[in-house]
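Here is the structure we will look at.
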Amino acid sequence: MQNNEVYKDINEDLKWAQINKDVLKSMENPRKGYWISVAVCLFLISFAVVGEVYQYNVGMGAANLNWPHMWDLYIATFIFWIGMSHAGTLLSAILHIMNADWRKPIYRFAEAMTTFSLMTAGLFPMIHLGRLWNMYWVLPYLTDRGIWPNFRSPLVWDAFAISTYLTSSALFLFIGMIPDLAICRDNARGWRKKLYTALSLGWRGDDRQWRNFRRTYLIMACFLIPLAVSVHSIVSSDFAMSIMPGWAVTSFPPYFVAGALYSGCAAIITLFILLRYYFRWEEYMTIAILEKTAKLTFAIAMVWTYLNLIEFASVWYGHSAADKEVLLAKFFGPYAPFFWGMIFCGSVVPFALAFEKLRRHLPTMMVVSILLNLGMWLERWMIVTPTLSLSYHPIAHDVMWPSWVQWFIVAGSFGWFGLLFLVFVKVFPSVSMYECKEMVLHRRELANKEISPVMANNPGGGAPATGVSSKSPGVEGS
Amino acid sequence: MKKCRILGLFGNFDDAFAAIGDFKNKKVDGITVDDVTFLSPIEHPDIDDVLGPRPSVIPKVTLCGAAFGITFGFLFLASAQSNFLIQPQGGKPVVPLPSNIVLTYEMMILFSVLFTVVAFLITTRLFRKRKSLYSEKVGIDQVAIEFEVDEKYIDPIKGVFKDNHAVEVREEVQS
Amino acid sequence: MSVLQHLPLGRFIEAASRGSRQTKQTVQVSFIVMLLMAAMALFSAKVNAEVPNAVPPEGSYSGIHVEQPIEFPHDTHADINEINCMYCHTYARRSKVAGIPPTSKCMGCHSVIATDKPRIQKLTEYWENKQPPLWNKVHDVPDFVHFTHEKHIKRFVIDNEDLEVENVSEVCAFCHGEVKKMTVADKVKPLTMGFCQRCHQANDGPSDCWHCHK
Amino acid sequence: MSLSNLIDDWSRYRKGREEGGFHDYEHMWGMSIDLNKCIGCNACSVACYAENNLAVVGKEKFEKGQGMHWLRVERYWDEPDLGEERTSEFQQHGASFLPMMCQQCNAATCEPVCPVAATYHTPDGLNAQVYNRCIGSRYCSNNCPFRLRYFNFWSYYEDSWPAPLQMQLNPDISVRDMGVMEKCTFCVQRIRTVKDTARMEDRKVRDGEVQTACSQTCPTGAIEFGDMLGMYDPETGVAETRVTKMWRKHQVELGKTKQNKQTPEMRGYRVFEFLNTDPCVMYLDRVREV
């Protein structure tokens, strides 16, 4: 029995009041480590601000972009962050529809990650524009000039898809949080009381609210899944719709979606371990849940590897000289170290997840997840840049490395994401309280069924069938 | 005849379900299970069996949203494109269907989600003034049954609450 | 021009019902569209009586006043004395720019007319010092806009058989406002792309970007 | 409206593609470049700089690949003859030259990808770039297989034309600033001027009336420029232009991905024809003694 403890997703003896207490505690009194993290994030952001201000004033040449390298790290990092945003959809929407209740303690921060990585990703198309001050021309707004954006352009699709995704995922995050915000409202004081009162919209948990809440949540989940798939396939069509060798690949949409889920899962593991460590959430972010996430990651890693191989094979047997040249340049050319680094991080490292011992070892998992993310970032870079360096026209073959401005802004994007996330964990409950309670209730019912099927078949028998019993301390006091 | 509100807090779901069962069995004349408002920290899986089916309009609104998204999205794009004076030139289609399908798809999802959220906010009556009969315990681990009835039903309801081990009973006379 | 033109659907309906682009257009006008057209007819602006075969552009602008070295009274010249705009702005009909008349053209009259007025004396001073008065530009468009006076004069004045050349100031007024009622010219029309575009649409002007931007 | 309009336009487009991808054109400007005549003197490139207000970026930035030469003369060195060792980088036959300017593709890949429609096809069959609409997403350049679009990576005009050099700028074409994509326009300002003159004189444009700066400058007359649709001739009505004669002679047709040549020894070809971008520039292959 004792041995089985570590295999449990959540302890069914957990008191509901305890759940409230534990989660609410995470929102109080930031510790030293928190402030250090905030300082690090601000430091990174300041780098990006310096880079961007310089680039804004002197032009894109500052980023060491050139002919033919018109895009570089900005677009690669943009795809990386868009990919990261698929984590929340995977955990909260797909697993919600599939009734996988182990997602419940960890989906909230994954959803927050979705929203924040979209907010980070959305910055990059703006940063990479030559005339940033005119970026609103991409949006279809009414003007008396009689001109509109070019609706054929995948970049306009991006603008549509990303703004839809950002709106939907932010609403999804917010709607899912309303019952928890009501709990926060009941316990908060000062400015927080006002904030939560406004945000919880007068939630009191009556049956009408719960019923509509469930329906809404399910419907939004159903819409979020095709949306997430379409967003990343639209991002992939930035490349797949072109005619350049290495970009015009038919398998790009599924490849991008797989890569997105992959990097999202890896990032979930990273943040899972960090949150568990910072907030002492061993009760909620259990090893068992980590294992399940890791298995999922492993499966997606294999899908990603497979799609990679398919791409190589189709290029190899496609007999297009230019395509083949780009592929060979990736293998053996100047970008080879990064390419093989990507293969190593993305296809070899995930085999660590196949071993139970490693899956249960937190420091290893931390290193592995960071390596996976690094691999996914390299993947995006290896999609964007080699094609630009080695396209059809031999006179335009060139290699160019990004300048400090690009690196600063890329680093700053991590700081920006981190800062948003750090603010989130202190202002909002990053573990879903009501769903943990549901999970506890569910587990307890299962456990009772296993112990005494007679009792379970007889709900009126007075057995403590729920997480609350009249003997709980919270009730005695009243 | 004054309207009154009465709220009974229960320590667990079973007691509360038993109380609802009593109301269902007409223990109090003039009160049916449809008058029950059930407050809980989570949505219990059996709640529909206990309270009986209560309809929700949200899926229908979502359907409307999707239909609106498709029609509005496509008409908006088509009208924008056919007003776009430079586009018809060069042998390109005025209304390019492949890209419009992609964009209409996004618009459909956007409007479905927006309609759903708006319907949620309206049907749950979240923007109404908060009622005073609310226990913070509901947010933690207790469940409650609430009635909004005439004064004369107060005592029988209270009796049913007491019979089913209510932890606390509150009442309020509306002015 | 109709109010509908400012709405995307309205312009859509209007463009479709006009059938502007297609020659072999078969238009299926539904009942609603007919109603809308009737509404458009009610709201559409009148064709300018002074300038036949032309729809003046819409739009106004709170004119900014530009200081000039000499306050040239346009009203005295163009309104009271009825001098044709193109008498002084000669180049309007044969080049891109309308041109400012050289001082010699002013002096052609003002060596004898109204020599006692202070402004004329100032002008004579410039003339004697062999310096041109440095006029400031009022109707300025950005450098990437290549407006040609020549083509517009041809379309609205020379090719316009019903227009008498004496009324050319009405055509000029499309973009420059009622200059003959002003002293120093002010910018009273917005001269934005939308302003140009509306006139081009109403008068079947070209819609190709490279006509004006290159 | 609308539905019939939509269907009509759609079918018109499909039909148009089958008939060669263009219709309702006033002109279709095209070129024919004889590489046999090209001596690689770069006069065309210089003329282009002068005509189109091209920024001179300086050696340092040019080496970084940030130069902007709308017309570049590419040099290619032959492989050594069979059985010979490569002795130096430069072969005895010398370099082959390939003057590359925007190919004005009829199915241009740069056009559909521009998010703000700053690049589009004009009724003259030209691939237009509207500088003041460009927001600098640079997608068009990434999607150009010829890599013939250049980006203003820096603000050049202060360094390029120190006073009083700004006085030599061509007033008919805008000076581009930072963050804008630009490319060869087939000297659209000259085309416009000629067309306007013809319209003012109520006549049609004549063959040879429009000359691009490069074709005007080429000392050997390698570059021919003209209307692919034929042009008005006061004596015979619509007549073939010199360019169309060239294209017909060398059996190259617009709107084809693969030319069906009756006599394969005719030298005409278009660059990257297999990509189906349908360029309007035909090159005549260089013939050399071996």
* To do: Could you work out, residue by residue across A:175-188, how many beta carbons of other chains sit within 10 Å of that residue's beta carbon, and then give the average as an integer?
  => 3
* Asked: If you average the sequence gap of Cα pairs under 8 Å that are 6 or more apart and divide by the length of chain A, what percent do you get for the contact order?
  -> 31
* Kindly work out what percent of the DSSP beta bridges joining two residues of the protein assembly as shown are antiparallel, to the nearest 5. => 90
* Asked: What residues does the stretch C:135-164 have that are buried by at least 50 Å² of accessible area in the full protein assembly compared to the chain on its own, 1.4 angstrom probe?
  -> C:Lys151, C:Lys154
* To do: Select from the stretch A:199-217 all residues whose loss of accessible area on going from the chain by itself to the full protein assembly reaches 40 Å² or more (probe 1.4 Å).
  => A:Leu201, A:Arg204, A:Asp207, A:Arg208, A:Gln209, A:Trp210, A:Arg211, A:Asn212, A:Arg215, A:Thr216
* Asked: Sorted by accessible area with a 1.4 angstrom probe, largest first, how do A:Ile287, A:Ile383, B:Ile122 fall?
  -> B:Ile122, A:Ile287, A:Ile383
* Heads up, I need the accessible area for C:His139: 1.4 angstrom probe, whole protein in place, Å², nearest 10. => 40
* Asked: Straight-line reach from A:Lys330: which lysines have Cα under 23 Å away, leaving out those fewer than 8 places along the same chain?
  -> D:Lys64
* Structure fact -> With all protein chains present, the protein assembly as shown has a carbon and sulfur share of its accessible area (1.4 Å probe) in percent of 61
* From the square roots a ≥ b ≥ c of the eigenvalues of the alpha-carbon gyration tensor of chain D, which class results: rounded (a/c under 1.5), prolate (a/b over b/c), or oblate? -> rounded
* Asked: Using a probe radius of 1.4 Å on protein heavy atoms only, what is the accessible area buried between chains A and D, both sides summed, to the nearest 100 Å²?
  -> 3700
* To do: Could you rank D:Arg75, D:Arg133, D:Arg190 by how accessible they are, 1.4 Å probe, largest area first?
  => D:Arg75, D:Arg190, D:Arg133
* Asked: Put +1 on the Cβ of every Lys and Arg and -1 on every Asp and Glu Cβ in the stretch A:220-315; which of A:Trp281, A:Ile234, A:Ser314 then has its Cα farthest towards the positive end of the dipole?
  -> A:Trp281
* Asked: For B:Ile47, what accessible area in Å² do you get when you roll a 1.4 Å probe over the heavy atoms of the protein chains, rounding to the nearest 10?
  -> 10
* Asked: If you roll a 1.4 Å probe over the heavy atoms of the protein chains, what accessible area per residue do you get for chain D, in Å²?
  -> 44
* What total accessible area, in Å², is buried where chains B and A meet, using a 1.4 Å probe and rounding to the nearest 100? -> 5800
* Structure fact -> Kirkwood radius from Cα pairs of the stretch A:245-401 plugged into Stokes-Einstein at 25 °C, 0.890 mPa s, gives D in µm²/s equal to 147
* Would you jot down the residues in the stretch D:45-71 that end up with at least 50 Å² less accessible area in the complete protein assembly than in the chain alone, with a 1.4 Å probe? => D:Lys64
* **Spherically averaged projected area of the stretch A:203-287 from its Cα convex hull (nm²)** => 8.8
* Structure fact -> By the mean-Cβ-within-10 Å protection proxy, highest first, B:153-165, D:275-287 rank as D:275-287, B:153-165
* Structure fact -> Once phi for every residue in the stretch A:260-276 is put through the Karplus expression 6.51 cos²θ - 1.76 cosθ + 1.60 (θ = phi - 60°), the whole-Hz ³J(HN,Hα) values, with Gly and Pro written as x, are 5, 4, 4, 5, x, 4, 4, 5, 4, 4, 4, 5, 3, 5, 5, 5, 4
* Asked: Structure shown: which of A:Lys21/B:Lys60; A:Lys193/B:Lys152; A:Lys292/A:Lys437 lie over 27 Å apart, alpha-carbon to alpha-carbon?
  -> A:Lys21/B:Lys60; A:Lys193/B:Lys152
* **Cross-link partners of C:Lys96 among lysines (Cα-Cα below 16 Å; sequence separation of 8 or more within a chain)** => C:Lys137, C:Lys151, C:Lys154, C:Lys214, D:Lys195
* **For the protein assembly as shown, radius of gyration divided by Kirkwood radius, i.e. Rg to Rh on alpha-carbons** => 1.06
* Asked: So what does log10 I(q)/I(0) come out to for chain A at q = 0.07, 0.08, 0.09, 0.13 Å⁻¹, using the Debye formula with one equal point on every Cα and no solvent?
  -> -0.41, -0.53, -0.66, -1.27
* Cα-based helix-to-principal-axis angle, A:321-332 vs chain A, degrees rounded to 10 -> 60
* In straight Cα distance, which lysines are under 19 Å from A:Lys32, not counting same-chain residues fewer than 8 positions off? -> A:Lys426
* Could you sort A:Lys437, D:Lys258, A:Lys104 by accessible area so the largest value comes first, with the probe set to 1.4 Å? -> D:Lys258, A:Lys104, A:Lys437
* Asked: HN-Hα J couplings of the stretch A:225-233 from phi, Karplus 6.51/-1.76/1.60, θ = phi - 60°, integer Hz, Gly and Pro as x?
  -> 5, x, 5, 4, 4, 5, 4, 6, 6
* Rounded to the nearest whole Å², what accessible area per residue is found for chain A with the 1.4 Å probe? -> 36
* **With all protein chains modelled, accessible area of C:Val171 [1.4 Å, Å²]** => 10
* To do: Tell me the label-point distance for the pair B:Asp155, A:Ile36, using the 7 Å Cα-to-Cβ offset, in nm and rounded to one decimal.
  => 6.8
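The values are calculated or read from the model by the stated rules, or taken from the named source; none is laboratory data. None of the values given here were measured: they were computed from a predicted structure. We place every Cβ from the backbone using ideal geometry, glycine too, and count neighbours over all the protein chains shown. Remember, those area values only see protein heavy atoms, side chains included, never the ligands or the DNA or RNA. Shrake-Rupley method; radii C 1.70, N 1.55, O 1.52, S 1.80 Å.
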